[in-house]
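One structure is given here, and the rest of the page talks about it.
The values are calculated or read from the model by the stated rules, or taken from the named source; none is laboratory data. Every value quoted in this text rests on a predicted model; they were computed, and no experiment measured them. As a convention, Cβ positions derive from the backbone with ideal geometry for all residues, glycine included, and neighbour counts pool all protein chains shown.
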């Protein structure tokens, strides 16, 4: 759990720092640092579902070949 927490802090810090360097805005940097991980979490959910579907279909095709 500590590893997850420290990675989250690192992720927020990188998102904030890059956005701040590009825009010079603390508000925009903070907003992106909060919104980006939330969007990423949703995208990951759908990516994981699609990946599992792909693996299932791939496994089914291999079994059908036998």
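Exactly one residue among 54, 20 is modelled with pLDDT under 95 and either surrounded by 10 or more Cβ atoms within 10 Å (Cβ to Cβ) or over 17 Å from the mean Cα position of the chain (by Cα) (or both), and that residue is 54. Within the stretch 22-33, residues that are free of Cβ contacts under 8 Å to residues at least 12 places away in the same chain and on the phi > 0 side of the Ramachandran plot reach no partner that is surrounded by 12 or more Cβ atoms within 10 Å (Cβ to Cβ) and outside any helix (DSSP H, G or I) with beta carbons closer than 6 Å at six or more positions or on different chains. Quick one: is residue 39 assigned to a helix (DSSP H, G or I) and in contact with a helix residue (DSSP H, G or I) (Cβ under 7 Å, 6 or more places away or on another chain)? No: the conditions fail for residue 39. Just one of the listed residues (33, 64, 8, 15) is in contact with a helix residue (DSSP H, G or I) (Cβ under 8 Å, 6 or more places away or on another chain), assigned to a helix (DSSP H, G or I) and at pLDDT below 90, and it is 8.
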